[in-house]
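One structure is given here, and the rest of the page talks about it.
The values are calculated or read from the model by the stated rules, or taken from the named source; none is laboratory data. In this text the structure is predicted, and so the values were computed from the model without any measurement. Cβ: placed from backbone, ideal geometry, glycine included. Neighbour counts: every protein chain shown. Surface accessibility is based on the protein's heavy atoms, side chains included, excluding ligands, DNA and RNA. Shrake-Rupley method; radii C 1.70, N 1.55, O 1.52, S 1.80 Å.
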Amino acid sequence: MAADRSPTKITLAESEIPRRWYNLLADLPQLPPPPLHPGTRQPVGPDDLSSLFPMTLIEQEVTTERYVDIPEAVLDVYALWRPSPLYRAHRLERALGTPARIYYKHEGVSPAGSHKPNTAVPQAYYNAQAGMRRVTTETGAGQWGTALAFSCAQFGLECEVWQVRASYDQKPYRKIMIEMFGALIHPSPSPLTDSGRKVLAEHPDSPGSLGIAISEAVEVAAQNSDTNYALGSVLNHVLLHQTVIGEEALLQLAKVGETPDLIVGCTGGGSNFSGLSFPFLREKLAGRMDPTVRAVEPAACPSLTKGAYAYDFGDVAGMTPLMKMHTLGHTFVPASIHAGGLRYHGMAPLLSHVKELGLVEAVAKTQRECFEAGMRFAHAEGIVPAPESTHALAAGVEEALRCKETGEAKVILIALSGHGHLDLASYGAYLAGDLIDHELSDEAIAAATSALPSVSA
Ligand SMILES: *Cc1c(COP(=O)(O)O)cnc(C)c1O
């Protein structure tokens with residue numbers, strides 16, 4: 001076999017960490033519909049959000065400026081693991097026998113093991129700047145809680161985390177990490193909030209859901225003036241912060257003279273996928289490249305492929321603003337698939353809008369196909385991917401095998417959102433043959449989306 005001498009690991013110098021985030025809103029032909037107040041159902045203003053978020057983040061939520069400067073203090077923390085490496089998957093390509101050139105951007109090198117600190121760090125920083133004492137949040141599998149706990153510790157903030165009960169019981173290592181980073185963690189539903197007590201009264205054994213945990217964290221932040229709330233995905237400012245991934249990947253691919261034909265990423269709330277792909281969409285909208293951009297979600301929670309595009313709440317209790325997004329309904333509780341970070345009922349409003357504009361496409365995959373791709377990837381590349389990231393890998397492998405049929409040498413760029421070192425039990429279940437593929441029936445989807453809140457046009 002002719003040795004391909006192009007580099008395996010494409011790195012950047014610390015001085016090449018991008019110094020600004022990219023805001024796709026500046027380049028879209030049309031702005032997305034605004035979030036609405038849950039009571040009045042009128043567009044929310046800055047004051048409606050000020051009990052939860054610092055003003056800088058509220059401004060970043062609505063700004064249409066093309067670029068936002070990354071504060072020096074944030075760049076300092078980013079330098080602990082950024083720029084993250086871009087790898088050419090020579091070994092996976094050989095294992096698949098594909099003429100495709102596969103690249104993956106590895107966000108698992110961060111302190112939390114995923115892309116989530118890219119936004120947790122600036123969120124903690126802006127809250128510290130605003131004089132907050134404490135930040136609350138929810139976490140599912142524990143990735144976001146870990147990221148925020150680490151970030152709050154960097155800026156001397158207290159951090160309090162409500163973790164979905166099922167994960168709290170099944171994944172004790174994330175809880176330990178969150179405590180090592182100095183945060184306080186509770187299983188959700190908890191008896192500490194009205195929202196939690198209400199659920200517990202009806203379902204004492206509730207396994208919890210992200211929607212319930214959000215209600216608890218939001219409630220505590222809304223009731224305490226020295227406490228704010230932080231969200232790890234979905235919102236515009238989160239997607240903005242994550243664009244550091246795509247800006248780096250653009251620089252790295254330029255170093256080896258490549259432009260992607262296909263970009264794939266997994267979508268829970270949409271942040272790592274948007275973070276990698278939005279800077280490439282800027283290039284696409286400017287006519288400088290023309291990649292296909294494909295989101296991959298679990299068949300058990302198919303908001304982008306099968307959900308309604310409608311106004312819905314972000315949480316179960318209906319306390320958050322109404323956001324127009326692809327949603328399965330705010331009371332939807334998905335099956336307990338192993339990719340816990342992909343179990344959110346909705347999708348980022350900005351990504352939903354971009355999908356409606358036809359700039360990205362979406363596919364859904366069942367978990368066994370994803371784990372199989374994760375196994376192949378680990379075997380060839382030596383990295384254990386997070387169960388969430390295996391969705392992106394499955395779509396990448398699928399395309400690479402298609403290239404094998406057609407002989408096309410496509411350039412495939414994969415978002416490797418995190419490592420799976422704390423998810424080995426999921427791989428154990430896969431190896432033991434214990435994984436079940438969950439696919440939502442049309443009836444289940446119709447039922448889940450039947451109770452969407454009504455909003456006059
Ligand atoms: C949280 C998480 C996701 C899903 O969140 P997005 O906002 O869709 O990126 C994906 N992968 C990993 C490793 C995660 O921790």
Checklist entry - Out of V397, V354, which single residue is buried (at least 23 other Cβ atoms within 10 Å of the Cβ), on the phi < 0 side of the Ramachandran plot and more than 18 Å from the chain's Cα centre (by Cα)? => result V397
Item to check | Residue in the range 390-401 that is assigned by TED's automatic domain parsing to the domain that holds I263, small (G, A, S) and without any contact (Cβ under 8 Å) to a residue 40 or more places away in the chain present | outcome: no
Next on the checklist: Yes or no: the range 283-292 includes at least one residue that is within 16 Å of the ligand (Cβ to nearest atom) and either farther than 26 Å from A364 by Cβ or buried (at least 21 other Cβ atoms within 10 Å of the Cβ) (or both).
Outcome noted: no
Checklist entry - With respect to the numbered conditions (1) open to solvent by 20 Å² or more (accessible area, probe 1.4 Å); (2) without any contact (Cβ under 8 Å) to a residue 60 or more places away in the chain; (3) more than 16 Å from the ligand (Cβ to nearest atom), which one is the sole condition not fulfilled by E160? => result (2)
Checklist outcome for this item: In the range 164-197, anything touching a residue at least 40 places away in the same chain (Cβ under 8 Å) and open to solvent by 90 Å² or more (accessible area, probe 1.4 Å) is listed as Q170, Y173
Checklist outcome for this item: Over the range 294-328, the set of residues under 19 Å from N236 (Cα atoms), outside any loop (DSSP other than H, G, I, E, B) and not charged (D, E, K, R) is A295, S303, L304, Y309, A310, Y311, F313, L322, M323, M325, H326, T327
Checklist entry - Considering only residues of the range 245-275 that are away from the ligand (no atom under 16 Å from the Cβ) and part of a loop (DSSP other than H, G, I, E, B), which is surrounded by the most Cβ atoms within 10 Å (Cβ to Cβ)? => result P260
Checklist entry - Any residue at all in the range 220-240 that is aromatic (F, W, Y) and either away from the ligand (no atom under 16 Å from the Cβ) or open to solvent by 30 Å² or more (accessible area, probe 1.4 Å) (or both)? => result yes
Checklist entry - Say we look at the range 114-157 and pick out the residues that are more than 9 Å from the ligand (Cβ to nearest atom) and charged (D, E, K, R); which of these is farthest from G265 (Cα to Cα)? => result R133
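Residues are listed down the side, and each one gets a yes or a no for (1) assigned to a helix (DSSP H, G or I); (2) assigned by TED's automatic domain parsing to the domain that holds A409; (3) in contact (Cβ under 8 Å) with a residue 24 or more places away in the chain; (4) under 21 Å from the mean Cα position of the chain (by Cα):
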site	(1), (2), (3), (4)
S15	yes, yes, no, no
S51	no, no, yes, no
L92	yes, yes, yes, no
A95	yes, yes, yes, no
